[in-house]
Structure formats: structure tokens, C-alpha cells
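So the structure is just underneath, and the comments pick up after that.
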Amino acid sequence: MVIRIAAVGDVHLDEDVVGRFRPALEELPECADVLLLAGDLTRHGTEAEARCVAEEFGGLAVPVVTVLGNHDHQCDQVPQVVKVLEDAGITVLEGNGVVLDCAGGRLGIAGVKGFGGGFAGRCASDFGEPEMKAFVRTTTDSADRLGAALRSLDCDMLVALTHYSPVPDTLAGEPLEIYPFLGSYQLGQAIDSAPTALAVHGHAHAGTERGTTPGGVRVRNVAHPVIKQAYSVFHVGDQLDTDQVSPIGQSGSQRSWS
Amino acid sequence: MTHHRDIGAAPPDEYVEAEIQRLLVEDPAVAEQGITVIRRERALVLYGEVESPHRREEILRLVSERFPDVPITSDIGVIRTQAPTEIEQLP
Ligand SMILES: [Fe+2]
Ligand SMILES: [Fe+2]
């Protein structure tokens with residue numbers, strides 16, 4: 001059983017980008033069963049920008065499943081953004097999941113935006129000022145909802161989709177000082193609480209592609225500036241066709257995040 | 001109280017870098033967090049990757065408006081959007 005997953009995050013669309021991804025997206029049916037978008041679809045999260053996303057990523061011959069990113073929250077128009085995306089046939093996840101019937105089996109995808117907080121031994125604690133407690137509780141709530149969604153899905157293969165990173169591995173290349181703004185270990189803990197086969201995230205524009213949770217789940221950072229192509233394709237399953245194993249290029253070297 | 005030495009001298013490089021970085025993130029016309037600013041001698045060097053040529057021009061315009069007397073070197077790239085030529089197998 002092999003399920004073919006295409007994924008990209010951080011496309012940050014606005015009018016000036018519409019059309020750039022489309023030629024590659026038209027090839028999706030030949031190489032993937034689903035396209036996952038790992039958040040930061042827009043620059044500022046306006047309804048107008050969401051319409052650009054709908055135009056670019058809507059009406060494809062494969063299902064498109066997304067979470068939102070921090071940029072998609074910037075203008076406080078989340079309900080309008082979600083509506084525009086859903087009207088274009090894009091499934092928007094936030095604390096819930098979806099099961100898709102693919103040729104290789106039933107693919108379950110659970111998603112949340114996630115939040116920051118940092119990683120074991122170097123993380124924020126639910127202590128002190130109300131602002132600090134609100135920050136950490138946002139992360140914990142998000143991770144709890146991801147874990148519950150993952151455990152609730154009845155499927156043959158389970159994938160976790162987030163914007164923020166569940167592990168520090170895929171942040172390599174980012175300044176260490178900003179890791180707490182890039183992800184949190186609680187997301188990894190949630191992913192490890194279910195038989196997850198793959199975790200996909202974005203947000204760390206200067207990070208690296210590959211990582212693993214402490215529980216052994218493969219993690220991939222698919223932020224567009226990291227993968228430097230329209231999307232990456234993963235064949236997830238129990239069969240390894242060695243002819244098709246090939247290295248994917250190293251990540252970029254710019255130091256930035258968003 | 002802030003003690004100002006060298007009135008008229010340029011502000012320390014770190015503050016200039018911080019100011020430009022925030023300008024690029026917080027200006028609605030740009031909203032880029034992916035740009036690195038380095039102040040070298042008398043020039044500003046901008047590095048990073050953006051999603052369109054238009055955004056690269058906006059960044060240059062914004063920074064040169066704010067620091068009209070500083071020469072700016074830009075090494076900002078536009079991220080490729082071709083279909084992948086390889087897949088990754090995850091058994
Ligand atoms: Fe982000
Ligand atoms: Fe982003």
C-alpha cells in the first residue's frame with residue numbers, strides 16, 4: 001500500500017503570485033493522491049488574498065487539504081478566509097480531521113495551525129504573567145486538539161498537518177534564539193500519541209526538510225522557501241522501490257522565518 | 001535617561017538592522033519576515049527569498065525610502081515554482 005502525498009507551505013499568495021504555481025499544480029494527478037498545504041497561504045490573511053489562493057489551488061483534480069498559518073490570521077478575517085477556501089473545494093482543518101479514499105487505502109489527515117513555545121528543556125512554561133500563561137495555553141490547547149483528532153480517525157494511514165513545527169530538527173538553519181516562535185514539543189507529543197506515519201509542517205522558511213519526532217515519526221518541513229519547488233511528493237507506504245529513492249536538495253541558507 | 005554620544009552620527013548598526021527588519025514585516029505593502037539585513041561599512045546588504053519579482057522591488061523601494069543616503073545591495077531571489085523532478089519514498 002502506497003499513498004502519494006504532495007505538500008507545500010508558506011506560498012504567501014497575493015495577486016502578484018497568481019499563476020506561478022498553476023502549471024506545476026496541473027501535473028498533480030499524475031504524481032499524487034492529495035495536496036496538503038501547510039499554512040501561510042496568504043500574506044496578510046485578507047479575503048482578497050484568499051480569493052487568490054482559491055484561484056491558484058482550487059479546481060484541481062486531486063483533493064486539497066490545508067491548515068492556516070500565522071499570516072492567515074494577520075487581518076482577523078479568518079472566517080471569511082476559510083469560507084473562500086471552502087467554497088473553492090479546499091478542506092480547511094483546525095483541530096479536526098478528514099479521511100480520503102485513495103487508490104492505496106484510506107488516508108486520514110488531522111490538522112491544526114499549532115503555535116510556538118519551544119522544545120524540551122528550552123521551552124516556555126504555563127507560569128507567571130497572564131500573557132505568558134495565555135501563550136503557553138494556546139500551544140497546549142492546539143496540541144491537545146491535534147492529538148484528539150489524530151486518535152479519532154479511522155483510516156489505513158495517518159498524517160499530521162500543522163503550520164508550526166513539532167520538532168527542532170527541521171528548524172536547523174534558523175537562529176536558535178527564535179526556535180520558541182517556530183514550534184513546540186507538545187505538537188510532537190500529540191503526533192506521537194497516535195500511529196502517525198508522517199508529519200508535515202511549514203513556517204520555518206530557513207529550516208531544513210527532514211526530522212523525526214522522539215517517537216520516531218518522520219517530519220517534513222515543506223515551507224516553499226525550503227523545498228524551492230512548487231511542492232514535494234512523498235510516497236508513504238510499506239513498499240520501498242529502491243529505483244525511486246532519491247535525495248532531495250538541501251534547504252536554503254537564508255536566516256529568516258515567518 | 002538616554003545618554004546620546006556623538007550627536008549626528010549614524011545609529012548603531014544593530015538598531016538599523018532591527019528597524020529595517022521590523023519595517024519589512026510590519027509594512028503592509030511588504031510583510032516579509034524572510035529578509036536578512038546586514039549593514040556593512042557604508043552599504044546595506046539584503047538577502048532572502050520572496051514569492052515574486054514585484055515583492056523584491058517593493059522591499060528595495062521601502063528600504064531606500066527609509067535610508068535614502070545609504071547604498072543598498074540586494075541579493076534577494078524569487079523562489080522557483082517548477083514541479084518536482086524527484087519523489088521521496090517513505091517506507
Ligand atoms: Fe508562518
Ligand atoms: Fe510563512
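The values are calculated or read from the model by the stated rules, or taken from the named source; none is laboratory data. Since we're looking at a predicted model, the values are computed, not measured. A quick note on method: Cβ atoms are made from the backbone with ideal geometry, for glycine too, and the neighbour counts reach across all protein chains shown.
Considering each of A:Gly147, A:Gly128 in turn, give the residue that is away from ligand 2 (no atom under 16 Å from the Cβ) and part of a loop (DSSP other than H, G, I, E, B).
Details: A:Gly147 fails: part of a loop (DSSP other than H, G, I, E, B).
Just one listed residue meets the conditions, A:Gly128.
For region A:8-57, the set of residues classified as away from every other protein chain (no Cβ under 11 Å), within 27 Å of B:Gln89 (Cα to Cα) and more than 16 Å from ligand 2 (Cβ to nearest atom) consists of A:Pro29, A:Asp33, A:Val34, A:Leu35, listed by residue number. Check B:Ser64, B:Ser52 and return the single one that is free of Cβ contacts under 8 Å to residues at least 40 places away in the same chain and within 7 Å of chain A (Cβ to nearest Cβ). Unique residue meeting the criteria: B:Ser52.
Against the definition (at pLDDT below 95, away from ligand 1 (no atom under 16 Å from the Cβ) and hydrophobic (A, V, I, L, M, F, W, C)), how does A:Ile248 come out, yes or no? Talk me through it step by step, then tell me what you get.
Values: at pLDDT below 95: yes; away from ligand 1 (no atom under 16 Å from the Cβ): yes; hydrophobic (A, V, I, L, M, F, W, C): yes.
Here the answer is yes, as A:Ile248 does meet what is asked.
Name the single residue that is nearest to the other protein chains (Cβ to nearest Cβ) among those in region A:189-224 being assigned to a helix (DSSP H, G or I) and under 14 Å from the mean Cα position of the chain (by Cα). First the steps, then the outcome.
Keep residues of region A:189-224 that are assigned to a helix (DSSP H, G or I), which gives A:189-192, A:224.
Going one step further and asking which of them are under 14 Å from the mean Cα position of the chain (by Cα), we end up with A:191, A:224.
Values: A:Ile191: 15, A:His224: 6 Å.
Among residues in region A:189-224 that are assigned to a helix (DSSP H, G or I) and under 14 Å from the mean Cα position of the chain (by Cα), the one nearest to the other protein chains (Cβ to nearest Cβ) is A:His224.
The number of residues in region B:31-47 being under 10 Å from the mean Cα position of the chain (by Cα), within 16 Å of ligand 1 (Cβ to nearest atom) and either of a type outside the set (D, E, K, R) or exposed (fewer than 14 other Cβ atoms within 10 Å of the Cβ) (or both) comes to 3. Within the set A:Val159, A:Val136, the sole residue that is buried (at least 17 other Cβ atoms within 10 Å of the Cβ), more than 16 Å from ligand 1 (Cβ to nearest atom) and in a helix (DSSP H, G or I) turns out to be A:Val136.
Taken over region A:63-75, residues that are more than 13 Å from chain B (Cβ to nearest Cβ) and away from ligand 1 (no atom under 12 Å from the Cβ) amount to 4.
The condition of being among the small types (Gly, Ala, Ser) and in contact with a strand residue (DSSP E or B) (Cβ under 8 Å, 6 or more places away or on another chain) holds for only one of A:Gly108, A:Gly59, that being A:Gly108. Among the residues of region B:76-91, the ones that are more than 7 Å from chain A (Cβ to nearest Cβ), under 20 Å from A:Pro23 (Cβ atoms) and among the aliphatic types (A, V, I, L, M) come to 1 in all.
Within region B:1-29, the set of residues being modelled with pLDDT under 85 and of a type in the set (Val, Ile, Thr) comprises B:Thr2, B:Ile7, B:Val16. The residues in region A:65-94 that are surrounded by fewer than 20 Cβ atoms within 10 Å (Cβ to Cβ), among the aliphatic types (A, V, I, L, M) and touching a Ser or Thr at 6+ places or on another chain (Cβ under 8 Å) can be counted, and the count is 0. If you go through region B:31-80 and pick out every residue that is in a loop (DSSP other than H, G, I, E, B) and within 16 Å of ligand 2 (Cβ to nearest atom), you end up with 7.
Would you point out which residue out of A:Arg20, A:Arg4 is crowded, with 16+ Cβ neighbours inside 10 Å and touching a residue at least 60 places away in the same chain (Cβ under 8 Å)?
Numbers: A:Arg20 fails: touching a residue at least 60 places away in the same chain (Cβ under 8 Å).
Being crowded, with 16+ Cβ neighbours inside 10 Å and touching a residue at least 60 places away in the same chain (Cβ under 8 Å) holds for just one of A:Arg20, A:Arg4, which is A:Arg4.
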